[in-house]
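**Q** Could you have a look at this structure, given as structure tokens, before my questions?
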């Protein structure tokens, strides 16, 4: 009969506990995986499955679980997972921003509904483009790239109590501006043309005051907006491919910067 000491049990638990924290932090913040429509048991089960697949290839961690140093190590692992998931969320936030700007110019700002996934009040057009981006993300195997990048972090940034480079987290703020700029570029052609339509309607109202712009304005802008959206749809796929590629390059840069101060 096999007998295990308490130290052996704690060593075995530590081998799986620390990777589990980083993986679950990613699952709770990453796009698609963090959707509230996915049951919590499924998320935990996925986290355990990934942990059992990754942990055996990792070196043992010298930090005891029940120690003061373990608190910092746990926070560090969660911050790394959250940083990766939040960075990936920026791409979808940019797409949703483009949908909200287009919907505002089309006069659809009042057409909102409660998103069953996030339980947030979201414009219909923004949700439509967001769903298209999610489908494209899956079709590009973005979820597999994300999991592969997470697995690589355990080798480029091993689990230890050394401090991480805080400048890598500050890079997220700079990256947010670049990503949202891409979202604005997606919506800019439609916004420009709809603004031209609105200006034309304003001039028409000055030239022929008997025409009620409030009566003909909304149908015209809505019709033109729908036509422009139909023309924009074929461009969303290459745009999302470029956007996701830019995000993954950004993630790679952040992961490379994280261990700089840990290993001077």
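**Q** Every residue in region 29-64 that is without any contact (Cβ under 8 Å) to a residue 40 or more places away in the chain, under 23 Å from the mean Cα position of the chain (by Cα) and not in a loop (DSSP other than H, G, I, E, B), please.
**A** The answer is 40, 41, 42, 43, 44, 45, 46, 47, 48, 49, 51.
**Q** I would also like to ask the following. Looking for something out of contact with any helix residue (DSSP H, G or I) (no Cβ under 7 Å at 6 or more places or on another chain) and closer than 20 Å to residue 102 by Cα - is there at least one such residue anywhere in region 205-215? Walk me through how you get there before you give the answer.
**A** So in region 205-215, the residues out of contact with any helix residue (DSSP H, G or I) (no Cβ under 7 Å at 6 or more places or on another chain) come out as 206-210, 212, 214-215.
Restricting the remaining residues to those that are closer than 20 Å to residue 102 by Cα gives 214.
Checking region 205-215: at least one residue is out of contact with any helix residue (DSSP H, G or I) (no Cβ under 7 Å at 6 or more places or on another chain) and closer than 20 Å to residue 102 by Cα.
**Q** Of the conditions (1) within 34 Å of the chain's Cα centre (by Cα); (2) surrounded by fewer than 17 Cβ atoms within 10 Å (Cβ to Cβ), residue 203 satisfies every one except a single condition; which number is it?
**A** For residue 203, the failing item is (1).
**Q** With respect to residue 70, determine if the residue is in a helix (DSSP H, G or I), over 21 Å from the mean Cα position of the chain (by Cα) and at pLDDT 85 or above.
**A** Numbers: in a helix (DSSP H, G or I): yes; over 21 Å from the mean Cα position of the chain (by Cα): yes; at pLDDT 85 or above: no.
Against the criterion (in a helix (DSSP H, G or I), over 21 Å from the mean Cα position of the chain (by Cα) and at pLDDT 85 or above), residue 70 does not qualify.
**Q** Do we have any residue at all in region 85-96 that's modelled with pLDDT of 85 or more, over 20 Å from residue 251 (Cα atoms) and in contact with a strand residue (DSSP E or B) (Cβ under 8 Å, 6 or more places away or on another chain)?
**A** yes
Here's the yes/no breakdown for (1) out of contact with any helix residue (DSSP H, G or I) (no Cβ under 8 Å at 6 or more places or on another chain); (2) assigned to a helix (DSSP H, G or I); (3) closer than 17 Å to residue 85 by Cα; (4) modelled with pLDDT under 70:
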residue: 143; (1), (2), (3), (4): no, yes, yes, no
residue: 148; (1), (2), (3), (4): yes, yes, yes, no
residue: 152; (1), (2), (3), (4): no, yes, yes, no
residue: 158; (1), (2), (3), (4): yes, no, no, no
residue: 169; (1), (2), (3), (4): no, yes, yes, yes
residue: 175; (1), (2), (3), (4): no, yes, yes, no
residue: 180; (1), (2), (3), (4): no, yes, yes, no
residue: 183; (1), (2), (3), (4): no, yes, no, no
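The values are calculated or read from the model by the stated rules, or taken from the named source; none is laboratory data. Just so it is clear, the model here is predicted, and its values are computed rather than measured. All Cβ positions, glycine included, derive from the backbone under ideal geometry; neighbour counts span all protein chains shown.
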